[in-house]
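Structure, as structure tokens:
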Amino acid sequence: MLVVRLLQALGGSAILAAKAASSTIPIVGVDLGTTNTALAWVEPRADGDDAPIAPQLFDVPQLIRPGDVQSRKLLPSFLYLASGGELPEGALDLPWAAGRDFMVGEAARERG
């Protein structure tokens, strides 16, 4: 069963949302915007339930500045390609990805 109301609740963003008819699995939506990317979720509702949908935004871990990973509600849609030797070794590492020579998100937006 597709959940069209989630699309409306998140302002008409491009949402990927589906669930089995009797599922209690949360519905996840992704907005891949040109300025920001957002991830949200909602609890499924019973058929006929007209209560307002209350989407919750996921926190997205990202580099805020080289060497500083923090979570934010939005992931800015920016990419920064560092040139060799521009930043100290490990400054662009994430807890799940080491040896990177690029960054995305808040730090990339700030670097221009």
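The values are calculated or read from the model by the stated rules, or taken from the named source; none is laboratory data. Just so you know, these numbers come straight off a predicted model, no measurement behind them. When we count neighbours, we look across all protein chains shown, and the Cβ atoms used for this are built from the backbone with ideal geometry, even at glycine. To get the accessible areas, we keep the full protein, side chains included, count just its heavy atoms, and leave off ligands, DNA and RNA. Shrake-Rupley method; radii C 1.70, N 1.55, O 1.52, S 1.80 Å.
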Worksheet item: strands (runs of 3 or more DSSP E) wholly in the range 32-84 with at least 3 residues that are surrounded by 16 or more Cβ atoms within 10 Å (Cβ to Cβ) - which ones?
Response: 36-42, 60-65
Response to the item:
Within the range 85-112, residues open to solvent by less than 80 Å² (accessible area, probe 1.4 Å), more than 27 Å from Ala40 (Cα to Cα) and touching a residue at least 12 places away in the same chain (Cβ under 8 Å) come out as Leu87, Gly90, Ala91
